[in-house]
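Here the structure is laid out as structure tokens; the discussion comes afterwards.
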Amino acid sequence: MSASSTVLPERATHQQTRTFNQQLVLRALHDHSPLSRADLARLTGLTRTSVGDLVGTLIDAGLIEEVGRGPSSGGKSPILLRVAPDGRHLIGLDLGEAQIRGAVVNLNGDILRSIHLPLDGRDGDAALELVFELVDALRADDRSHLLGIGVGAPGIIDTRTGTVRWSVLNWAELRLGPELEDRYGMPVVVANDSHAAALAELTFFRRPRPNNLIVIRVGRGVGAGIILNGQLFQGDGYGAGEFGHITMTGTDALCRCGKEGCLETIASMRALVDAAGALEPSITDEGGLFAAFHADVTGIRRIVLDAARQLGVAVGWLIGVLNVQHVLLVGPVAEFGGDWLDEVRRHARASVLPLLARDTQIEFGHVHDDVVVLGASALLMEQQLGLALIR
């Protein structure tokens, strides 16, 4: 999304206009650093006088910094600017089903420090207390000016109010964002974990940024984050991308959501480990499954590739509905490598019009254990410093 595509509210106050213009400058520097003041004026459409004033304010606030001089075009060499990586730190959280992880992140998306805590079967209030314990530990180790807290969690999340509508952590209508804000006195944003993964790809790993993108996260669950016209699309009920719970033919396995035959009961890492373990009892975790798959253990490759085919069919449905030409697959499934990806591609393309299939790229995304942490951090950065990615 171009910096100029966001529209100011009607009758914007002087302060709203100034804040908006600061966000234009920060977004341009985040996406294109290093830039001179003249570059910023050209990219943002602001006057050089306005840019100079805004740059001075942002330097004083510690958010941007001068980083030397650029090449001269005949006159004095321009001073180059960039976002100051450590101008602010923030806390990113990934509230998974088996463990919760958190990290202190800088404005470049660098993980400065991280902590992982096992859930050990805790859910409900006990899981919430563990979240507080994790944030307390991260704050104790970082006395810098924290921008806020970004949270990625499984389930249906109302990002505008910070409410977890439903989650496998046995949360229902939990006002997680407000509870964290009240406890820590700083801004908090909460998003679905797959939505956060999409934001991480868009913000930190894709240059140039695509206007449309689907990021499918396959871990203990299956979900998608959808970027349309440069913005995160959540749907009317905040459940866009919950396609792990669409019903597939040929299975009646009970899903944790209460339904039978969900895609997640076939294609998730949890389902694959269970199916492989039933065939080969020595396989009890993801590491054992990966090893058996790559060692061509009898029957294991068939289980994994059959699941890839079913996932591919579902991906094809997404392509047919949205006609998005960039599809990324992230999560531990990347360890299966090219054979698994080829099956997903083949069956996705077979499930959609040939013209749409031909123009669609399906590939692995950035392999990063902290992709949800980074995505939740990106969402907070966009809310506090940049232009909204929520739609």
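The values are calculated or read from the model by the stated rules, or taken from the named source; none is laboratory data. Nothing here was measured: the structure is a model prediction, and the numbers come from that model. With ideal geometry, Cβ positions are generated from the backbone for all residues, glycine too; neighbour counts draw on all protein chains shown. Side chains are part of the model used for accessible areas, which takes the heavy atoms of the whole protein and leaves out ligands, DNA and RNA. Shrake-Rupley method; radii C 1.70, N 1.55, O 1.52, S 1.80 Å.
Between ASN170 and LEU228, the contour length at 0.36 nm per residue exceeds the alpha carbon distance by 17.8 nm. Percent of C-alpha pairs per 10 Å bin in the range 159-252, short distances first: 15, 40, 33, 11, 1, 0.
Averaged over its residues, the chain has an accessible area of 44 Å² per residue, based on protein heavy atoms and a 1.4 Å probe. Here the Gaussian network model covers the chain, with springs between Cα atoms less than 10 Å apart; of LEU93, LEU202, LEU58, LEU58 fluctuates the most.
Relative contact order, whole percent, for the range 211-333 stands at 30, derived from Cα pairs under 8 Å and 6 or more residues apart.
For the range 298-391, the Cα-based Rg and Dmax, in that order, read 15.9, 53 Å. Computed over the range 293-353, the convex hull of the alpha-carbon atoms projects to a mean area of 4.1 nm².
When the solvent-accessible area of the chain is split by element, carbon and sulfur atoms take up 49 percent of it, the probe being 1.4 Å. Stretched out straight at 0.36 nm per residue, the stretch from PHE364 to ARG143 would grow longer than its current Cα-Cα span by 75.9 nm. Shown are SER50, SER282, whose ranking by accessible area with a 1.4 Å probe and every protein chain present, most to least, is SER282, SER50.
Once the convex hull of the alpha carbons of the chain is built, what does its volume come to per residue, in cubic angstrom? Spell out each step's value before the answer.
Numbers: hull volume 64.3 nm³, N = 391.
So the per-residue Cα hull volume is 164 Å³.
Between ARG345, ARG256, ARG37, the Gaussian network model of the chain with springs among Cα atoms under 10 angstrom shows the greatest mean-square fluctuation at ARG256.
Taking the helices alone, the chain has a mean residue ellipticity at 222 nm of -12000 deg cm²/dmol, built from -39,500 (n - 2.57) per DSSP H run of at least 4 residues and averaged over all its residues. Which log10 I(q)/I(0) values does the range 209-268 give at q = 0.17, 0.19, 0.31 Å⁻¹ under the Debye formula, counting every alpha carbon as one identical point scatterer? Each listed q maps to, in turn, -0.60, -0.71, -1.19. When DSSP beta bridges are restricted to pairs lying wholly in the chain, around 65% turn out antiparallel.
Once the range 54-199 is represented by equal point scatterers at the alpha-carbon sites, with solvent omitted, what log10 I(q)/I(0) does the Debye formula produce at q = 0.12 Å⁻¹? So the normalised log intensities work out to -0.56.
For HIS245, the solvent-accessible surface with a 1.4 Å probe is about 40 Å², rounded to the nearest 10.
Expressed as a fraction of 2.2 N^0.38 Å, the value expected for a compact globular protein of N residues, the C-alpha radius of gyration of the range 98-175 is 1.15. Here ARG220 sits with roughly 100 square angstrom of accessible surface, probe radius 1.4 Å. The calculated FRET efficiency for HIS32 paired with LEU279, based on their beta-carbon distance and R0 = 41 Å, is about 0.20.
Stokes-Einstein diffusion for the range 263-314 at 25 °C, viscosity 0.890 mPa s, with a Kirkwood radius from C-alpha pairs, works out to 229 µm²/s. Please work out, to two decimal places, the log10 of the ratio I(q)/I(0) at q = 0.17 Å⁻¹ from a Debye calculation in which every Cα of the range 233-391 carries one identical scatterer. Log10 of I(q)/I(0), two decimals: -1.15.
In the assembled protein chains, ASP359 presents an accessible area of approximately 70 Å² (probe radius 1.4 Å). Classified by the C-alpha gyration tensor, the range 3-116 has an oblate form. Its axis ratio a/c, with a ≥ b ≥ c, is 1.5 or above, and a/b does not exceed b/c. For the residues ASP285, ASP120, ASP31, a GNM of the chain with alpha-carbon springs under 10 Å puts the largest fluctuation on ASP120. Quick one: if the Förster radius is 56 Å, what FRET efficiency do GLU260 and ASN108 give, using the C-beta to C-beta distance and rounding to 0.05? Taking R0 as 56 Å, the efficiency between GLU260 and ASN108 is 0.80.
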